[in-house]
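The values are calculated or read from the model by the stated rules, or taken from the named source; none is laboratory data. This one's a predicted model, so the numbers in the text were calculated from it and none came from an experiment. Positions of Cβ are generated from backbone atoms using ideal geometry, with glycine treated the same way; all protein chains shown enter the neighbour counts. Ligands, DNA and RNA are excluded from the accessible area calculation, which covers all protein heavy atoms including side chains. Shrake-Rupley method; radii C 1.70, N 1.55, O 1.52, S 1.80 Å.
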Amino acid sequence: MPTPDPEHGPLVPMLLVLTVVTGVVDAVSYLELGHVFVANMTGNVVFLGFALAGAANLSATASLAALAAFLLGALAGGHLARRLPGHRGHLLAAAVAVQSALVAAATVLAAVAGHTSEPARYTLIGLLGFAMGGQNAVVRALKVPDLTTTVLTMTITALAADRTGPRRLASAVWMFAGALLGALLVLHADIPLALALALALLLAVAALTHRAARTVPAPAWTHPR
């Protein structure tokens, strides 16, 4: 893991943990919620096209639901970023706390109601899509280079083209690790356990970021970029 630096402090490792969360929740959504992503919207746009063309095992409705939830989450994340513009640590801690509540609700729902019924499945897609949209908007506002936490196409392109960037490599590796862990838990255990892992990681990020952001005077890494 890249070590914290004066410019971005603990934001780099915290965003890498959020990248793991992305891999976990997309494993849950793709493998068990009807071949749909809740974080990777490029995939959903492609799946929507496939579904409308009549491809089997793909749902246009599920893709649209994920896109709508992600959009609403991104709107909420953008609003939060505008409300907390002066301190990146407070912004990340607040955003991840909200995201934790959404993933906690999804975990409880999956444990109590399962995911096979249409209402439960679409509610899970909505909760997780909203959470990941908010994450994406807030990470964008933090402006840490080479760490988007959800999109890897340009990251991998830049890694190959420029042949530099430990953060780019770490982002790809940690996304892979999250997807692998999520898939293993979904396929060999159950959805609530996979979501519980994502929740535990989010709570750790929220707590550690909140603790780091409490320093007075505010360290340089908390200043807007």
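A few points about this structure:
- Per this entry, G54 is counted among residues that are out of contact with any Pro (no Cβ under 9 Å at 6 or more places or on another chain) and outside any helix (DSSP H, G or I).
- Flag set for R168, criterion: of a type in the set (K, R), modelled with pLDDT under 95, over 14 Å from the mean Cα position of the chain (by Cα) and part of a helix (DSSP H, G or I).
- Evaluation of A200 against (1) in a helix (DSSP H, G or I); (2) without any contact (Cβ under 8 Å) to a residue 12 or more places away in the chain; (3) open to solvent by 60 Å² or more (accessible area, probe 1.4 Å) (one fails), failing number: (3)
- L109 of a type outside the set (F, W, Y), in a helix (DSSP H, G or I), more than 23 Å from A172 (Cβ to Cβ) and in contact with a Phe, Trp or Tyr (Cβ under 8 Å, 6 or more places away or on another chain): no
- Test for L75: is it open to solvent by 70 Å² or more (accessible area, probe 1.4 Å), touching a helix residue (DSSP H, G or I) at 6+ places or on another chain (Cβ under 9 Å) and either outside any helix (DSSP H, G or I) or farther than 19 Å from V25 by Cα (or both): yes
- Verdict on V173 being within 15 Å of V25 (Cβ to Cβ), open to solvent by 10 Å² or more (accessible area, probe 1.4 Å), among the β-branched types (V, I, T) and within 17 Å of the chain's Cα centre (by Cα): no
- Number of the exception - A141 against (1) touching a residue at least 12 places away in the same chain (Cβ under 8 Å); (2) closer than 17 Å to G23 by Cβ: (2)
- Exactly one residue among A74, A81, A104 is among the hydrophobic types (A, V, I, L, M, F, W, C) and closer than 22 Å to A194 by Cα, and that residue is A104.
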